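Visitor: The structure under discussion is supplied below as structure tokens; questions concerning it will follow.
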Amino acid sequence: HFRFAQDTVTFAAGDTIFAVGDPGEVMYGVKSGEVELYFNGRLLETVGPGGMLGVKTLIDADPHTTTAIARTKCELVPVDQDRFLFLVHETPTFALLVMRVMAERTRAIMRLAVT
């Protein structure tokens, strides 16, 4: 979904893309590179090309609950509400992919809570 996107933002390794509590009006698709997601200071997931971050914030308009830090130089594709709705409309499987990402992250957070 993001491989051919031309409108990207670039982050250097170590850059914070967003932090817990930051407002957010976009989610990001990873075009290249890797981003680490942290929850309560613990590594939750490393997101690579084709992955997404900031999904919940786009859907519910609440502040971020994770911190995203570029592990490597990365190109991200910002997806605002209009683009999100377009992707869901034009590619219904995109909505399933988003739900799968949210479910997997919820399960990962639950596993962190019990360890």
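The values are calculated or read from the model by the stated rules, or taken from the named source; none is laboratory data. Given the structure is predicted, the values throughout are model-derived calculations rather than measurements. Here the Cβ positions follow ideal geometry from the backbone for every residue, glycine too, while neighbour counts run over all protein chains shown. Areas reflect the complete protein model, heavy atoms only, side chains present, ligands, DNA and RNA absent. Shrake-Rupley method; radii C 1.70, N 1.55, O 1.52, S 1.80 Å.
Visitor: Collect the residues in the stretch 73-94 that are surrounded by 14 or more Cβ atoms within 10 Å (Cβ to Cβ) and either in contact with a Cys (Cβ under 6 Å, 6 or more places away or on another chain) or of a type in the set (A, V, I, L, M, F, W, C) (or both), keeping them in residue-number order. Please lay out each step first, then the result.
Guide: The initial filter retains those residues of the stretch 73-94 that are surrounded by 14 or more Cβ atoms within 10 Å (Cβ to Cβ), namely 73-79, 83-84, 87-88, 94.
The answer is 74, 76, 77, 79, 84, 87, 88, 94.
Visitor: Also: Would you check if there is a residue in the stretch 19-38 being in contact with a Ser or Thr (Cβ under 8 Å, 6 or more places away or on another chain), closer than 21 Å to residue 72 by Cβ and among the polar types (S, T, N, Q)?
Guide: Looking for residues that are in contact with a Ser or Thr (Cβ under 8 Å, 6 or more places away or on another chain), closer than 21 Å to residue 72 by Cβ and among the polar types (S, T, N, Q), one finds none in the stretch 19-38, hence no.
Visitor: Could you tell me whether any residue of the stretch 46-62 is open to solvent by 20 Å² or more (accessible area, probe 1.4 Å), closer than 19 Å to residue 19 by Cβ, in contact (Cβ under 8 Å) with a residue 24 or more places away in the chain and part of a strand (DSSP E or B)?
Guide: The answer is yes; a qualifying residue exists.
Visitor: So if I check each of 5, 12, which one is modelled with pLDDT under 90, in contact with a Lys or Arg (Cβ under 9 Å, 6 or more places away or on another chain) and farther than 22 Å from residue 104 by Cα?
Guide: On the way: 12 fails: modelled with pLDDT under 90.
After ruling out the rest, the residue left standing is 5.
Visitor: Within the stretch 7-38, track down each residue that is closer than 12 Å to residue 69 by Cα, of a type outside the set (Val, Ile, Thr), assigned to a strand (DSSP E or B) and open to solvent by less than 50 Å² (accessible area, probe 1.4 Å).
Guide: Listed by number, the residues that qualify are 11, 18, 36, 37.
Visitor: Quickly run through the stretch 81-115 and pick out the residues that are β-branched (Val, Ile, Thr) and more than 19 Å from residue 61 (Cα to Cα). Walk me through it before giving the result.
Guide: Residues of the stretch 81-115 that are β-branched (Val, Ile, Thr), as a first pass: 88, 91, 93, 98, 101, 106, 109, 114-115.
Those that are β-branched (Val, Ile, Thr) and more than 19 Å from residue 61 (Cα to Cα): 91, 93, 109, 114, 115.
Visitor: Could you look through the stretch 42-58, keep only residues that are touching a helix residue (DSSP H, G or I) at 6+ places or on another chain (Cβ under 8 Å), at pLDDT below 90 and of a type outside the set (Lys, Arg), and pick out the one that is farthest from residue 24 (Cα to Cα)? Give the derivation first.
Guide: Pass one, the stretch 42-58, residues touching a helix residue (DSSP H, G or I) at 6+ places or on another chain (Cβ under 8 Å): 42, 44-45, 51-52, 55-56, 58.
In the following step, the residues that additionally are at pLDDT below 90 were identified as 55-56, 58.
Next cut, of a type outside the set (Lys, Arg) only: 55, 58.
Working: 55: 10, 58: 7 Å.
Filtering the stretch 42-58 for residues that are touching a helix residue (DSSP H, G or I) at 6+ places or on another chain (Cβ under 8 Å), at pLDDT below 90 and of a type outside the set (Lys, Arg), the one farthest from residue 24 (Cα to Cα) comes out as 55.
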